[in-house]
Every structure is written in C-alpha cells, then in structure tokens.
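Here's the structure we're looking at; comments come further down.
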Amino acid sequence: MKALLSVFDKTGIEDLGQRLTDAGYELISTGGTYRSLADAGVAVRQVSDVTGSPEILEGRVKTLHPVIHGGLLARRDSPAHLAELGQHGIAAIDVVAVNLYPFVATVSKAGVTLDDALENIDIGGPAMLRAAAKNFPAVAVMVDPADYGWVADALAGDGLDLRQRRNLAAKAFQHVAVYDAAVAEYLAADPAAGTELPQQMTIGLSRVSSLRYGENPHQRGALYVTAAGGSGGLARARQWHGRELSFNNLMDADAAWRTVSDYADPSVCVVKHANPCGLASRDDVAQAYQLAYAGDPVSAFGGIVGFNRAVTAAAAEAMGPVFYEVVVAPGYDGDALEILQRKRNLRILSVEPAVSAAGTTTYDVRPLSGGVLVQTPDASDEDPSAWTTATERAPTATELADLAFAWKAVKHIKSNAIAFVKDRTLVGMGAGQPNRVVSVHLSQRAAGDQAAGCVLASDAFFPFPDNIELAAAAGITAIVQPGGSIRDDEVIAAANAAGIAMVFTGVRHFRH
C-alpha cells in the first residue's frame, strides 16, 4: 500500500506520515514535505526515486508523470487496468494528502507582481487531487489537516466506507474549484480587459460559521467569505460580546455599516429591517447617536446601531435605555466596551473597512429563480458641486450640505425611497413602497412637526408633480433627485410655484 503526501501547509503532516507508516503504508513525497517527514524520522521515498525522473523546471514538474497518475487513476476492479500497471511496473497509490500553493495569500500581499502570482499557481497539486478524487472508491484523498486524524484512525482499523470516501472526494473537488476560481478572478481582473462582466463566473466561498437558521427558523443558514482573499467588512467582524449572530442580525448590521461608511464625518445609523430609520452626522458621536435615535425612537427598538468612528463612553451610556440587537463600529474607546457589555445579550462587533485582494473584483450578486443577477456595486463617487440646478432658485449652502447628506442616505433605503433631512439628520423616510407618493407621505408622517424646513432626497425621478405638491405642503425647502422624467417640466414648474430649490444629479440609486 502506498500513500502520496505533498503539502504546502505542513500542519500535522509528520504525525499523519508516522501513523500511515505504522498502518503499513509506504510513503512517497516531494520537496519540502519529504524533508519534513525525513527530518522527523518518518520513513519516506522521494517521488523522483519512484518515477525515475528528476524534478525539473525549478520544481514546476515533479508529480506530472504516468507512474504517479497511473497509480492514482487505475481502477482496482478492472483486470485490464491492473495488468497495465504490472506491465509498466507501476504501483497503485491508495492514499493522497495534498494542499496547494498559497495563491490567495500571495496575491493578497501589497505590491505583488504578476510573476509572483503565476509562480504560485499550483499545477501538480490540483492534478493529483482530481485524479485521486475521480478514483475515490479506491483512493482516500485529503486536503484538510483537520481530516488527518480520523482518516488515519479508519485506515488503521476497518477502513473507510464508501460514503466517507465520497465525502472526502467532494471536499477535494470543491477545494480545487475554489482555488481555480481565485486564479481565474485574479487573471480576469485586468484593467485593460474592459468593463464587460465576464462570460463565465465562478465565485469561491469558504464557510466561516454555521448559523442557527436562515432568515426564518425553517431555513438553513451559514456565513461565508470570498475565498479569493481580502480583509475587513462585516463578514470578518470581531464579536466582543453577546449571543450568537443570526442571519437577520448580519444582514441588518451590514446595512448599518455600509450606510455609515459612506460618510466622512462622524456618523451614526440605526437600522431596522435593512433600512436606516435614524441617521445623523456630528463632530461628536454621542450627539450623532442621540439625533439618529430621535429620528424614529419607535422603530429603533430592537434595531442595529452602526458607528463610523470608535464608540465613546458617552455614546455607550446614551444607548443604555434602549434595547438593541447589535452595535457595530470600528472600535470602542475608554470604558465604552465595558459599559455596553452590561447588556447581557447585546452583540458587540468591531469591523474594519473591507479590502479586496489585489487583482480581484467585487460583485453584487442576487439570486433569482433559475439563476443569479450580477452587477458591480453602487459605489459611484458623486460631487454635489457638479449637480444641475433645475429650478429658478438654487439651494443655499446649508440646503446643499443637507441635500448631499440626504442623497447618501437615500441610496441605502429600499426603493421607492424618500428621505427627509434637516441639519445632517434623517428625520423621516419612506421605503419599499410601490409608488413614490406613499413614500413621501410616510416620510412626512415620520417627521411630523420637524418636516417643515427639511430637504428631500428621492432615489429616482418624480414621474408626476403630485410628489412635489405633497412635499411643499410638508414644508420641504429643497429637493435632490436624478431627473430624467418625461414630465420633468411639470415637476420643475411645481417646485418653482412652491419656491422649492431642486437639483438634478443625473444618477439613480434604486435599491431592491
């Protein structure tokens, strides 16, 4: 019986080698793995001694040889295959442990060159894994050091059953598929390749944790990160305190984090069911929190709070009287963490900005029946000074600052989205309505007496002037919207009649 061990990650390999040797397997290996085993006193032969061929091309060709792949691929239930092995002096290989060159880790480094990336594309490893996994009824294949122990136990005992072998093979093929996806994504992310989305796309994912359930208790759920590398973002958040995170917690926490991350000034967002219901910017995060909470105290109960600055002790104390599910921030200053931890069940997360690995592209992927929709993220960098004034009156400097704030806010609210803003504070919003008039009405109702003097942002153009008339009745003084309706002239006329300043951005921010 023979076992082929060839790993980049040497974790547990000496112990596996010794246990396989004790179970009667003859070990063959390559390069660094051979040295690790030999240095540990484990009996092992070089692959080159088995094949009769030296490693060539600086190690690029080691295991790509008929003696290796014949030993992996021969069917043990085929007399013809076994006869051919004997004819050519090839021994069957029964166990394979392989993991691959660190391509993702390499391309994630700053300043990585194309030559560095190409040298870390593994060829022999995936070929061995695919061959072994194809022949899994006869060959046990391992890619994960976590499997070494139980597989060695089984091989030393009654052996692996077919289900176990099949599961190991599936894991090997998945491992190679994720690896190949990372390589393909890196090579496809060529700035000179144009802006067209690729004809074929594979997104490799690695599970971080299982969740108690999905969006509802009858659904299964898990958290994954992209296997192509990168860092930061909600999926890689550190949890300091609180119960296990649920699917909905993660969705809402990500909405809060994405919203506050759009603002340069210290900002706080309260999210409920994926929509910002409170949002404010101030120089002091405690004050920003208080204003964000005041935007909709009823909806804030049981919500998620996001900060784009470290939470201070004052901000933590201000949150005390309200029940929240999650707080997410870049960090926690002074006694803030200790204060928040007084709430036994509050989930406390720290998050760093998401950074994609070099040469990778971020996509927004949405499932639909029979397939998926893919788009680039809604991350356009807009300059309010470039907006077009559509009305007789231009917005004042104060109004323009609030319009800029509102325009960022409305991007994160489900369409049809309307935001009422005053003094860099969200005081009313309407989300997810089938018509825009209802969203304006809901914003007015939420704002109440504060609606007078607000500015309004709309994520898409106004199809009719009735929206403007309702906004004017609420006391809106300025509006930002994309423009582009066939009735823009009527909408502009209604704004002029009400003395409302209105600017067109030329950009739409639907969010479904």
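A short reminder: the numbers here are calculations on the coordinates, not readings from a lab. Predicted, not measured: the structure shown is a model, and the values here were computed from it. Note that we place each Cβ from the backbone using ideal geometry, even for glycine, and neighbour counts take in every protein chain shown.
Calculated FRET efficiency, Ala110 and Asp378, Cβ-Cβ r, R0 25 Å, to nearest 0.05?
The value I calculate is 0.40.
Arrange Lys62, Lys109 by Cβ neighbour counts within 10 Å, fewest through most, would you?
Lys109, Lys62
Residue separation times 0.36 nm, minus the C-alpha to C-alpha distance between Thr362 and Arg445: what's the value?
Here the segment from Thr362 to Arg445 would lengthen by 26.1 nm.
Would you calculate the separation in nanometres between label points at Val355 and Ala264, each defined as 7 Å from the Cα along the Cα-to-beta-carbon direction?
Result for the modelled spin labels: 2.2 nm.
Find how many whole Å separate the alpha carbon centroid of the stretch 431-471 from the alpha carbon centroid of the stretch 208-226.
If you average the Cα positions of each part, the centres end up 36 Å apart.
Select from the stretch 382-420 those GluC sites (Glu not before Pro) which occupy a DSSP coil region and have at most 16 other Cβ atoms within 10 Å, ordered by residue number.
Qualifying residues, ordered by number: Glu382, Glu392.
Taking 0.36 nm per residue of separation and subtracting the Cα-Cα distance, what length does fully extending Arg220 through Asp9 add?
Separation in residues times 0.36 nm, less the Cα-Cα distance, equals 72.8 nm.
So who's got an amide H within less than 5 Å of the one on Tyr332, skipping anything under 5 residues away but keeping other chains? H placed 1.01 Å off N, in plane.
Amide H to amide H, under 5 Å and 5 or more residues apart or across chains, Tyr332 pairs with Val311.
Take every Cα pair under 8 Å in the stretch 385-504 that's 6+ residues apart, average their separations, divide by the length, and report that relative contact order as a whole percent.
Relative contact order, the stretch 385-504: 30 percent.
With each pseudo-label sitting 7 Å past Cα toward Cβ, what's the Arg344-Ala170 distance in nm, one decimal?
4.0 nm
Sort 315-323, 88-96 by packing, meaning the average of other beta carbons within 10 Å per residue, with the highest value first.
Descending packing order for the listed peptides: 88-96, 315-323.
Express as a percent, rounded to the nearest 5, the fraction of DSSP beta bridges in the chain (both residues included) that run antiparallel.
55 percent
What is the list of residues in the stretch 106-130 whose amide nitrogen lies under 11 Å from a point 7 angstrom out from the Cα of Leu57, following Cα to Cβ?
The answer is 123-124.
Filter the trypsin sites (Lys or Arg not before Pro) in the stretch 417-512 down to the DSSP loop ones having no more than 15 other Cβ atoms within 10 Å, then list what survives.
When the trypsin sites (Lys or Arg not before Pro) of the stretch 417-512 are filtered for loop state and at most 15 Cβ neighbours within 10 Å, Arg487 remain.
Subtracting the Cα-Cα distance from 0.36 nm times the residue separation, let me have the gained length for Ser78 to Arg207 in nm, one decimal.
The span from Ser78 to Arg207 would gain 42.6 nm if fully extended.
Listing Ile348, Ile476, Ile121 from the residue with the fewest other Cβ atoms within 10 Å to the one with the most, what is the order?
Lowest to highest Cβ neighbour count: Ile121, Ile348, Ile476.
In units of 2.2 N^0.38 Å, what is the alpha-carbon radius of gyration of the chain?
For the chain, the normalised Cα radius of gyration comes out at 1.27.
What FRET efficiency do you get for Asp284 and Gln199 if R0 is 41 Å and r is their Cβ-Cβ distance, rounded to the nearest 0.05?
0.20
Taking the Cβ of each residue in Leu160, Leu64, Leu57 as the centre, tally the other Cβ atoms inside 10 Å and list the residues starting with the fewest.
Lowest count first: Leu57, Leu64, Leu160.
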